[in-house]
Amino acid sequence: MGNHAAMNKLSAKEYLRQLRSLDVEIRVKLEECERVRGMATRTGVSLSFDRVMSSNSSTSKIEDCVIKLVMLEEELHHDIAHLASIKSETLSMINKMEVSDYRTLLTLRYVTNITWEEIAVKMNFSYRHTLRMHGCALLDFENIYASE
């Protein structure tokens, strides 16, 4: 199936964890974009292309901010597309699992990226039972993942 075959075959848990890691990386880049945008606007100069091209001494600072922002946004678009692709692939495998609680648990944890505590509450299970069930769900997912 797509990306995971070319990645030296990660373990099922590593494969699922990459979703959470990519999500965090995207959030960090979004925060960095906001920081750079804030730096540029604090100088009192608009971020429009025409303004950047016609400014004088502040051009270098603004230009640097705009270039950095454009690069970050391009990375973000790439990362978001990559994450969407992996999420789609992952959901396809998760949906092949027979036990609905396993599907729900793995989707909540790795696709929607919520905490164990939130999962336990949403599924009406104890925290410990949620973690035990996660172990079983991973074993079930591993069988599907290995066959892909």
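The values are calculated or read from the model by the stated rules, or taken from the named source; none is laboratory data. This is a predicted model, so every value here is computed, not measured. Cβ sites come from the backbone with ideal geometry, for glycine too, and all protein chains shown count toward neighbours.
With the structure loaded, tell me whether Val121 is of a type in the set (A, V, I, L, M), surrounded by 13 or more Cβ atoms within 10 Å (Cβ to Cβ) and at pLDDT below 95 or whether it fails that test. Against the criterion (of a type in the set (A, V, I, L, M), surrounded by 13 or more Cβ atoms within 10 Å (Cβ to Cβ) and at pLDDT below 95), Val121 does not qualify. Scanning segment 56-115 for residues that are of a type in the set (Gly, Ala, Ser) and in a helix (DSSP H, G or I) returns Ser60, Ala81, Ala84, Ser85, Ser88, Ser92, Ser100.
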